[in-house]
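Data first, discussion second: the structure below is written as structure tokens.
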Amino acid sequence: MFRAYRLQIILSILGSAVVALLIAVVAYGSGSATVPATGGAYVEGMVGQPEVLNPLLAKPTDYPAQSIDSLIFSGLTREDSTGLPQPDLARSWAITNDGKTYTFYLRPNVTWQDGQPFTADDVLYTLQTIQSPTFSGDADLASAWRGAQITKIDTLTVQVTLPQPFAPILDYASVGILPAHLLSQTSPAALSSSTFNRQPVGTGPYRLLRADLSSVVLEAYPGYYAAKPYISRLMLRFYETDQSVVQAVLDGQVEGDWHVTASDAAKLQRDGRLTFYEAVQPSYSGLAFNMNDSMLSQTPVRQAIAYAIDREKLRAQLLHGAAQLAESPIAPNSWAYDPTTPQYTYDPARAASLLFNAGWQKAGGAWTKNGALLAPELVSDDSPDHVAMARAIAQQLRTFGIGVSLKTVPFNTLLTSYLAPRKFQIALLDWDQGSGDPDPYALWHSSQATPAGLNFSGWKSPMADAALANGRKTTDLAARKRAYAIFQQTFATDLPAFLLFHPVYEYAVDNSIQGVTLPSVIHPWDRFATLSRWYIETRPAKPPSK
């Protein structure tokens, strides 16, 4: 597994042409020179069924739809492994000095999967649909494009003028573009009921061949404008549970498991026919502290709690090692990650020193100050994995002398009765960055500390606010990186939340599928980002010229 993961990292750095050459050289040196060839079919099992095959309407949690849409459709941009935008349907773009106007220059000779040409009209239809007040898709996507002026300059040029600078717009430009020639008469309100959502046509590397309640079959689109995939067909079979997918792999019904859970990894590893691939996900878990609570508003208390928690032990006991310690709200493989951010490694002696220096005393195994016990309430949703984590954390803190009480409630109750009104002391939460751009404004800016916002801690830091504002308004990458470094340093010092883990995405594929790589930081549907390099069939390689 370790060697397979190292190979994944090496190959992800190389281009597909270099990969093919490397494979050929290695094979030739062994006396059997082959290179990847077109052909073959890959069958994968996954949980759930797609609700709607439309990138504008698919929910972030609809993993089957997101996976399929990523193959059928393409956007103006795409993200590289660090979250930086790269050209896709837009071959290039220009940005004005004020950071408000983006001119996208579209690729020529791109066709839709029905043979019609891709033009600026398709971009206009898609973006104006997202802008519509009746648009029923993702609210964050609509918010990003709201107020922008979309102008067709010519057949292959589109200009977008924003009401104010917003650097993450290039990430939002990765949304799949829809065909105007099929949908121009469909209003944004009517899009959700369109037959197009069952018979989609995109510009991506694969087109839909057939779909039913049990599976979807895709075939490579021969007119695709970029590197054409080797694998001719791809089938996704849908199952009700992760355990059903595992059994399908073991029975030979499918060749890949879309998302290997920690509890199922050992069973699949024993099979011997699979290669495992791993990547850190951009989401993270942690303990949110209510900064308005009299006890938790004290920085030494928050820091002492952080030093008193043994995350390595939690990872080993509860997550089977399938997680990476989170040291920042920005993922470790993001271009914006600051590796010098202070870390809270397990150090109970330092935790005790912080409390002593802040006037707390330990008597009878409990920490007190002015007659008050250090005994905050930890609230969590009642999902089994969160309950287990909350109990383990509470036990560690009790051992240290912090008398944590634990309350578990349904997720909706946690949201409406505790988080939104800020009626909690400590909450165990998961945060999802939501996009490849590292902008954490929506989660941590003080303007988001309202009941409708996602800054549940109520953290208000002028320094962090200025950094977050600068990070999203400048298009200069170096300036953005400096801004986010300030944010990360301030976050670690103020500690509005003690972060626990980034989950590790694990993917299992039959050994017959070669060239598989994963982006270094992904959402589950991004596993197909490098599908053009995967192959099943091979052909003899020409011997190197002497």
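Worth a mention:
- When segment 211-225 is filtered for residues that are assigned to a loop (DSSP other than H, G, I, E, B) and open to solvent by 40 Å² or more (accessible area, probe 1.4 Å), the ones remaining, listed by number, are Asp212, Leu213, Ser214, Pro222, Tyr225.
- Only listed residue being open to solvent by 30 Å² or more (accessible area, probe 1.4 Å) and at pLDDT below 95, chosen from Asp98, Asp80: Asp80
- All conditions but one from (1) open to solvent by 20 Å² or more (accessible area, probe 1.4 Å); (2) modelled with pLDDT of 95 or more; (3) among the small types (Gly, Ala, Ser) apply to Ala394; the one that does not is (1).
- Residues of segment 99-131 that turn out to be of a type in the set (Ser, Thr, Tyr), under 26 Å from the mean Cα position of the chain (by Cα) and farther than 23 Å from Asp439 by Cβ, as a count: 1
Results for (1) in a loop (DSSP other than H, G, I, E, B); (2) among the basic types (Lys, Arg), shown as yes or no for each residue.
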residue: Gly453; (1), (2): yes, no
residue: Gly458; (1), (2): yes, no
residue: Ala467; (1), (2): no, no
residue: Arg472; (1), (2): no, yes
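- Which listed residue, of Asp122, Asp114, is acidic (Asp, Glu) and open to solvent by 10 Å² or more (accessible area, probe 1.4 Å): Asp114
- From the options Ala190, Ala167, Ala144, Ala139, residue that is open to solvent by 30 Å² or more (accessible area, probe 1.4 Å), within 17 Å of Ala442 (Cβ to Cβ) and out of contact with any Asp or Glu (no Cβ under 6 Å at 6 or more places or on another chain): Ala139
- Checked against the criterion of being open to solvent by 20 Å² or more (accessible area, probe 1.4 Å) and more than 30 Å from Pro519 (Cβ to Cβ), the candidates Glu327, Glu377 yield just one match: Glu377.
- Tally, over segment 513-546, of residues that are among the small types (Gly, Ala, Ser) and open to solvent by less than 50 Å² (accessible area, probe 1.4 Å): 4
- Matching entry among Ala388, Ala372, Ala331, Ala420 (being in contact with a His (Cβ under 8 Å, 6 or more places away or on another chain), over 15 Å from Ala304 (Cα atoms) and of a type in the set (A, V, I, L, M, F, W, C)): Ala331
The values are calculated or read from the model by the stated rules, or taken from the named source; none is laboratory data. No experiment lies behind these values; they were computed from the predicted model shown. Heads up, the Cβs are rebuilt from the backbone with ideal geometry, glycines too, and the neighbour counts pull from every protein chain shown. Accessible surface is based on the protein model in full, side chains and every heavy atom, while ligands, DNA and RNA are left aside. Shrake-Rupley method; radii C 1.70, N 1.55, O 1.52, S 1.80 Å.
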